[in-house]
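The values are calculated or read from the model by the stated rules, or taken from the named source; none is laboratory data. Just so we're clear, the structure is a prediction, and the values are computed from it rather than from any experiment. Reconstructed Cβ throughout: ideal geometry from the backbone, glycine too, with neighbour counts over all protein chains shown. Accessible surface areas use protein heavy atoms only, side chains included; no ligands, DNA or RNA. Shrake-Rupley method; radii C 1.70, N 1.55, O 1.52, S 1.80 Å.
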Amino acid sequence: QVQLVESGGGSVQPGGSLRLSCSAPEDMFRMNALRWYRQAPGKQREWIAVVTIGDITNYADSVKGRFTISRENAKNTGYLQMNSLKPEDTGVYYCNIKVIDTDHWGRGTQVTVSS
């Protein structure tokens with residue numbers, strides 16, 4: 001089974017920063033857009049950012065101006081730089097690559113923002 005692997009989560013205080021990484025198989029990564037989602041406790045998973053193969057990015061309003069998504073094709077790795085973190089950013093963060101009609105997910109990485 002194809003698997004994406006997230007890393008970089010942790011616990012930070014409000015206002016802090018974290019950088020998440022997502023590694024994927026080469027062909028899948030280089031031919032498709034990469035997305036990040038998150039799931040807060042008791043809530044549905046929500047989309048937060050996308051980067052296309054042409055490096056076009058888009059963000060959910062809740063993270064715009066604070067988070068930056070990027071990709072490094074040479075390493076088959078995507079990133080989510082998260083700055084000015086807030087308690088409401090707490091949750092499990094997942095990367096996603098959709099190949100035709102099939103969604104591929106990692107197991108997620110926990111981000112906790114608390115004082």
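Structure data summary
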{"read-out": "Region 11-50: C-alpha gyration tensor shape, a/c 1.5 cut-off, then a/b vs b/c", "value": "oblate"}
{"read-out": "Solvent-accessible area of Lys43 with every protein chain in place, 1.4 Å probe, in Å² to the nearest 10", "value": "140"}
{"read-out": "HN-Hα J in Hz across region 76-89 - Karplus 6.51, -1.76, 1.60, θ = phi - 60°, x for Gly and Pro", "value": "6, 9, x, 9, 9, 7, 10, 10, 6, 5, 10, x, 6, 7"}
{"read-out": "Amide H within-cut-off set for Ala49, under 5 Å, with H built and near neighbours excluded", "value": "Trp36, Ala60"}
{"read-out": "Cα→Cβ-extended label distance, 7 Å offset, between Glu72 and Asn58, nm", "value": "2.7"}
{"read-out": "Backbone HN-Hα couplings from phi across region 57-74 [Karplus 6.51/-1.76/1.60, Hz, Gly and Pro as x]", "value": "10, 8, 9, 5, 4, 5, 10, 4, x, 10, 10, 10, 9, 8, 9, 10, 4, 4"}
{"read-out": "3J(HN,Hα) from dihedral phi, region 99-104, Karplus parametrisation 6.51/-1.76/1.60, rounded to Hz, x for glycine, proline", "value": "10, 6, 10, 10, 8, 10"}
{"read-out": "Full-stretch length increase - Ser115, Gln44 - with 0.36 nm per residue and alpha-carbon distance subtracted", "value": "23.1 nm"}
{"read-out": "All lysines inside 29 Å of Lys86 as judged from Cα atoms, apart from same-chain residues fewer than 8 positions distant", "value": "Lys43, Lys64, Lys98"}
{"read-out": "Exposure rank, largest accessible area first [Arg71, Arg35; 1.4 Å]", "value": "Arg35, Arg71"}
